[in-house]
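Structure first, commentary second.
The values are calculated or read from the model by the stated rules, or taken from the named source; none is laboratory data. For clarity, every value in this text was computed on a predicted model and none was experimentally measured. With ideal geometry, Cβ positions are generated from the backbone for all residues, glycine too; neighbour counts draw on all protein chains shown. For the accessible areas, the whole protein counts, side chains as well, though only heavy atoms, and no ligand, DNA or RNA atoms are used. Shrake-Rupley method; radii C 1.70, N 1.55, O 1.52, S 1.80 Å.
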Amino acid sequence: MIIAIDGPAAAGKGTLGRRLAEHFGLAYLDTGLIYRAIASKMSQRDLDPADPEAAAAVARTLSAEDLEDPALRGDEAAQAASQVAAIPDVRAAVLDFQRDFAAHPPGGARGAVLDGRDIGTVVCPGADHKLFVTADLEARATRRFQELRERGVESIYARVLEDMAERDARDSQREVAPLVPAIDAFMLDTTELEADAAFAAALKFIASRC
Ligand code: DC
């Protein structure tokens, strides 16, 4: 069983993906970590994330352990991740890694949940269930702002909103694998939904197709 979840930042994909994985006994992959890890390795080596050749070279050396660094989840890595993710050779270099995870999920799981921007459209177009999770920009920026505050990270709401809008635009307008819903995706708008209600709606959608 493969579940593909796509959508913009802070729409609730991760929370939903982890819960679905736990519920169905599936492995879970947050594919954003792949692009974050590439950006982070480039930053450690003082490389420009917009340099296509350097980014693709780093992408080719990526391993599963690289995704485990907790620092990847910070907002600093997000903008650079969005930049490296727009480079076609980077996406090509990490495609097999993602497909391999879906085809041979770790831990003997009977399938996988992958979340990202292009899972239902490019990485796993044959996924059993596809969800496109979204929410208004303001709602997503408010969530991210609160999350940063809870983690003790000082931030300014207007700046969080601006960064998110910039990332949305780059992720949706790039030429390769842009952020768009697959035509057969279930659209889940979480602007007014708590995590429990989003989970219930996703379960209902999956049950309706089994
Ligand atoms: O999901 P995230 O916010 O951690 O992703 C960080 C960036 O990585 C995002 O702005 C775009 C890119 N990304 C992508 O292009 N394709 C994916 N499948 C996942 C993430």
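Against the definition (more than 22 Å from R143 (Cβ to Cβ) and touching a helix residue (DSSP H, G or I) at 6+ places or on another chain (Cβ under 9 Å)), how does A85 come out, yes or no?
When the stated conditions are applied, A85 does not pass them.
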### Message
Condition check: away from the ligand (no atom under 11 Å from the Cβ) and open to solvent by 30 Å² or more (accessible area, probe 1.4 Å). Does R36 satisfy that?
### Response
no
## Note on the structure
Going through (1) within 27 Å of A165 (Cα to Cα); (2) out of contact with any Cys (no Cβ under 6 Å at 6 or more places or on another chain) one by one, E22 fails only at (1)
### Query
Given the conditions (1) in contact (Cβ under 8 Å) with a residue 12 or more places away in the chain; (2) under 24 Å from A92 (Cβ atoms), which single one is not true for A165?
(2)
### Query
Residue check: is A4 in contact with an Asp or Glu (Cβ under 9 Å, 6 or more places away or on another chain) and not aromatic (F, W, Y)?
yes
### Query
Could you give every pair whose Cβ atoms fall below 6 Å, whose first residue belongs to region 194-210 and is over 15 Å from R18 (Cβ atoms), and whose second residue is at pLDDT 95 or above and open to solvent by 40 Å² or more (accessible area, probe 1.4 Å), counting only separations of at least 6 or pairs across chains?
F205/F186
### Query
In region 97-131, what residues are among the β-branched types (V, I, T), more than 9 Å from the ligand (Cβ to nearest atom) and either assigned to a helix (DSSP H, G or I) or at pLDDT below 95 (or both)?
T121
### Message
Which count do you get for residues in region 143-159 that are open to solvent by less than 50 Å² (accessible area, probe 1.4 Å) and free of Cβ contacts under 8 Å to residues at least 40 places away in the same chain?
### Response
1
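Which residue, of A78, A139, A86, is within 13 Å of the ligand (Cβ to nearest atom), open to solvent by 10 Å² or more (accessible area, probe 1.4 Å) and among the aliphatic types (A, V, I, L, M)?
Selected residue: A86, the only one of A78, A139, A86 that is within 13 Å of the ligand (Cβ to nearest atom), open to solvent by 10 Å² or more (accessible area, probe 1.4 Å) and among the aliphatic types (A, V, I, L, M).
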### Task
Determine whether T142 is in a loop (DSSP other than H, G, I, E, B), among the polar types (S, T, N, Q) and farther than 29 Å from V94 by Cβ.
no
